[in-house]
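The values are calculated or read from the model by the stated rules, or taken from the named source; none is laboratory data. Everything numeric here is computed off the predicted structure, so don't read it as measured data. Here the Cβ positions follow ideal geometry from the backbone for every residue, glycine too, while neighbour counts run over all protein chains shown.
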Amino acid sequence: MTDEPLDRPSNYQARDIDVIDYGMTELPGTSHLIRGPVPDLAKGDQITCIGAAQTFGCFVERPFPTLMGEALGRPVLNLGFGGTGPGFFLDHPELIETANRGALTVVQVLSGRVQPNMFFEGRGLARVKLKRTGRNVHPHVAWGDIAEGFYAWRKAPPLKPLVHLAARGPLALALAQSRKGWIGAYRELFRRITTPTILVWFSRRTPEYDRRPRPTEALMGEYPQLVSRDWVAPVAAMADEYVEVVSDRGTPQPLRHRETGEPVEIDLGLDSALYAGATWTENTYYPTPEMNEDAGAALIPAARRLLG
């Protein structure tokens, strides 16, 4: 449980400062803090990349947006916000308007775990509100609440298999509702974007993903959680280009102090109370520097085609 509001952005700068300085800066004309630097937006020649932490580039000095810009000789605007779903950008039209002042927009395939359904509300960021209890929780807790039969089996542990079986119906319904809303949000997002677009899948796994109802952690899987080929295919058709990047190069990534090079332990609670008490000494979740190199290499030819 957390008292943090549903629209609170991630604080990667505070969490990761021993490892990397993201150069956070305010996006002109808005209150959004983004990863810098911010190019001269008046020129209108920038590539804008919108997405989540994978676009932002956690623990990476030169994330794929930067690599694209360097290779293409273009300024880049990084609009990666931690934990986002597509609805986040619809709720903040100023971000879409900024992207529309550029030359090309790269849109990341985002997780489905924060997409609202009949069981929880959300604002497209990394916490949701359970309708059943009114609590703001991590989305994995919300999906666990559904997949584990609202945890009713805890009152009678021997009934756990029966409760799981009974939960399959509500879970399948929640997945169907979230999928429909997720695709609809992307449809509206691509309708509002007026520049040429690239949709990028960036993950350690392919979109071929088994989403059969099952316990929470298996259900969530690797990022982007819950999303499978039947989610991605209709959205890929909305973009001018679709690029699929599947890589795990450099995993695990040891975390080292940016000044001393010594191993360092980061406190995830500095990002959000949702993660209080958790620490990392290596990165096994976010794309590594090597994975970002693979993403940049895959995106550059598509960007060249669209930029001319």
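Looking at 188, 208, just one residue is assigned to a loop (DSSP other than H, G, I, E, B) and out of contact with any strand residue (DSSP E or B) (no Cβ under 9 Å at 6 or more places or on another chain), and that residue is 208. Here 103, 147 are screened, and the one residue that is small (Gly, Ala, Ser), surrounded by 22 or more Cβ atoms within 10 Å (Cβ to Cβ), more than 17 Å from residue 231 (Cα to Cα) and in contact with a Leu (Cβ under 7 Å, 6 or more places away or on another chain) is 147.
Of the residues making up segment 259-286, those that are surrounded by fewer than 16 Cβ atoms within 10 Å (Cβ to Cβ), part of a loop (DSSP other than H, G, I, E, B) and touching a residue at least 12 places away in the same chain (Cβ under 8 Å) number 3. Of all the numbered requirements in (1) in contact (Cβ under 8 Å) with a residue 24 or more places away in the chain; (2) within 25 Å of residue 78 (Cβ to Cβ); (3) exposed (fewer than 15 other Cβ atoms within 10 Å of the Cβ); (4) not aromatic (Phe, Trp, Tyr), residue 256 misses one, and that requirement is (3). Would you call residue 4 in contact with a His (Cβ under 8 Å, 6 or more places away or on another chain) and either in contact (Cβ under 8 Å) with a residue 24 or more places away in the chain or not hydrophobic (A, V, I, L, M, F, W, C) (or both)? Judged against the criteria, residue 4 is not a match.
Restricting to segment 261-293, name every residue that is among the β-branched types (Val, Ile, Thr) and closer than 20 Å to residue 200 by Cβ. Steps first, please.
So the first thing to find is which residues in segment 261-293 are among the β-branched types (Val, Ile, Thr), and the list is 264, 266, 279, 281, 284, 288.
Hit for segment 261-293 is 288, nothing else.
Looking only at segment 60-76, which residues are crowded, with 20+ Cβ neighbours inside 10 Å and without any contact (Cβ under 8 Å) to a residue 40 or more places away in the chain? Before the answer, list the steps.
From segment 60-76, those crowded, with 20+ Cβ neighbours inside 10 Å are 60, 63-65, 67-69, 76; that's our starting set.
69, 76 - these are the residues of segment 60-76 that are crowded, with 20+ Cβ neighbours inside 10 Å and without any contact (Cβ under 8 Å) to a residue 40 or more places away in the chain.
Comparison of 219, 199 shows that the only residue that is in contact with a Phe, Trp or Tyr (Cβ under 6 Å, 6 or more places away or on another chain), touching a residue at least 60 places away in the same chain (Cβ under 8 Å) and not in a loop (DSSP other than H, G, I, E, B) is 199. Surrounded by fewer than 21 Cβ atoms within 10 Å (Cβ to Cβ), in contact with a Gly (Cβ under 8 Å, 6 or more places away or on another chain), aliphatic (A, V, I, L, M) and assigned to a helix (DSSP H, G or I): which single residue out of 166, 176 fits that description? Exactly one of 166, 176 is surrounded by fewer than 21 Cβ atoms within 10 Å (Cβ to Cβ), in contact with a Gly (Cβ under 8 Å, 6 or more places away or on another chain), aliphatic (A, V, I, L, M) and assigned to a helix (DSSP H, G or I), namely 166.
So which of 138, 92 is over 21 Å from residue 196 (Cβ atoms) and within 15 Å of the chain's Cα centre (by Cα)? Working first, answer last.
Details: 92 fails: within 15 Å of the chain's Cα centre (by Cα).
Among 138, 92, only 138 is over 21 Å from residue 196 (Cβ atoms) and within 15 Å of the chain's Cα centre (by Cα).
Quick one: in segment 179-206, which of the residues that are hydrophobic (A, V, I, L, M, F, W, C) and closer than 23 Å to residue 147 by Cβ is surrounded by the fewest Cβ atoms within 10 Å (Cβ to Cβ)? Applying the filter and picking the extreme gives 183. Going through (1) assigned to a loop (DSSP other than H, G, I, E, B); (2) among the acidic types (Asp, Glu); (3) surrounded by fewer than 15 Cβ atoms within 10 Å (Cβ to Cβ) one by one, residue 248 falls short only on (3). For the subset of segment 287-308 comprising residues that are within 30 Å of residue 142 (Cβ to Cβ) and of a type in the set (A, V, I, L, M), which member is surrounded by the fewest Cβ atoms within 10 Å (Cβ to Cβ)? Across segment 287-308, the extreme among qualifying residues is 291.
Within segment 101-125, the residues that satisfy the criterion of being within 19 Å of residue 182 (Cβ to Cβ), touching a helix residue (DSSP H, G or I) at 6+ places or on another chain (Cβ under 7 Å) and in a loop (DSSP other than H, G, I, E, B) are 109, 110, 112, 113, 114, 115, 116, 118, 119, 123, 124, 125.
The set of residues in segment 137-163 being in a helix (DSSP H, G or I) and β-branched (Val, Ile, Thr) consists of 141, 146, 163.
Flag set for residue 54, criterion: in contact with a Gly (Cβ under 9 Å, 6 or more places away or on another chain), modelled with pLDDT of 95 or more and assigned to a helix (DSSP H, G or I).
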